[in-house]
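Have a look at the structure below before the remarks.
The values are calculated or read from the model by the stated rules, or taken from the named source; none is laboratory data. It should be emphasised that the depicted structure is a prediction, and the values quoted were computed from it without experimental measurement. FYI the Cβ positions are ideal-geometry reconstructions off the backbone, even for glycines, and counts take in every protein chain you see.
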Amino acid sequence: MRAIPSYLVRMVGVISIFIASLWLALTVHSAVNFDQFLASFTPRWGASAMPRYLAWKDFVASGAGKTDLERLKKVNEFFNRTITFGDDSVIWGQLDYWATPLETLGKGAGDCEDFVIAKYYTLQLVGVPAEKLRLIYVHARTGVSSATPTQAHMVLAYYGTPDDEPLVLDNLVGEVRLASRRPDLSPVFSFNAQGIFAGASNKEIAPAVGAGRLSRWEDLLKRARAEGF
C-alpha cells in the first residue's frame, strides 16, 4: 500500500479543523435566540447602540474559541475593550443598579458588577458551563502596599473543577489570572445561580435565590430572562 502524501494529510487536517469550527459556530448560533435579543434591544436602545449589539452578536456566534481558557480570555477582552467604566449614579441615576448584558451594551458603559454580569452570561452563550462560573465580591487594594485602602469590587471567577484554584476575570486588570496572582483582591463571598459560597471557596452557605438574600441578583435574573437569556 502506498503511503498517503504528507501534503494530503495536512490538507485533511486543515479541512477537519475548518469543519469543526464551522459546526461549532452553527451550533452556537442555532442555540442562541438572537431574534429575541434583537426584539428586546432595538426598541429601547435604537440605531445608535446597534453597532455594539451587532459586534456582540457576531462575537457570540463565532463561539469565541475552542477551549474554556480561550473563551475566558476573549470574552474578558471583548467587554474590557467595548464597555466604558462608569458609576451607576451617572449611567443610571441610581446608587446601585445591576444591568443586564443588553442594557450594558445599550449604554456602552457600566460599573464592575455590569462587566461581570455581561461576561457571566456571554461565557455561557459561547459554551462555558454556568456551574463553573461565580461572581465574587472582593475588597480590592487600590495600591501596592498592604496598608493601602481597599474598595468594594466585583470580579468573575472560573473553576475548572469545584476544588480548582479559580481564574479571575476583571475589568481593572486585562489579563485573566489565577487567584493566587491577584493578591490585591480579598474575597468576601461568591455566588451564581446555584448558590452563595463562603469567600471564593466551594463551601455553599445558602441558596442564591429566595428569601431576599440577594435581591438585586434575583431581580437581575428575572430581567435577563425577559430579554432572552
- Is it the case that Leu167 is surrounded by 14 or more Cβ atoms within 10 Å (Cβ to Cβ), closer than 28 Å to Met50 by Cβ and assigned by TED's automatic domain parsing to the domain that holds Lys57? no
- Message: Just checking: which of the helices (runs of 4 or more DSSP H) contained wholly in segment 65-129 hold 2 or more residues that are over 20 Å from Arg225 (Cβ atoms) and more than 9 Å from the chain's Cα centre (by Cα)?
- Response: 68-82, 88-91
- Residues of segment 59-100 classified as on the phi > 0 side of the Ramachandran plot and in contact with a Lys or Arg (Cβ under 9 Å, 6 or more places away or on another chain), total: 3
- Query: Can you name the number of the only condition in (1) touching a residue at least 12 places away in the same chain (Cβ under 8 Å); (2) loosely packed, with under 13 Cβ neighbours inside 10 Å; (3) of a type in the set (D, E, K, R) that Arg81 fails?
  - Reply: (1)
- Looking at Val155, is it among the β-branched types (Val, Ile, Thr), in contact with a Leu (Cβ under 7 Å, 6 or more places away or on another chain) and closer than 25 Å to Gly86 by Cβ? yes
- Item | Where Tyr120 falls short, out of the listed (1) over 17 Å from Ala200 (Cβ atoms); (2) among the aromatic types (Phe, Trp, Tyr); (3) surrounded by 20 or more Cβ atoms within 10 Å (Cβ to Cβ) | (1)
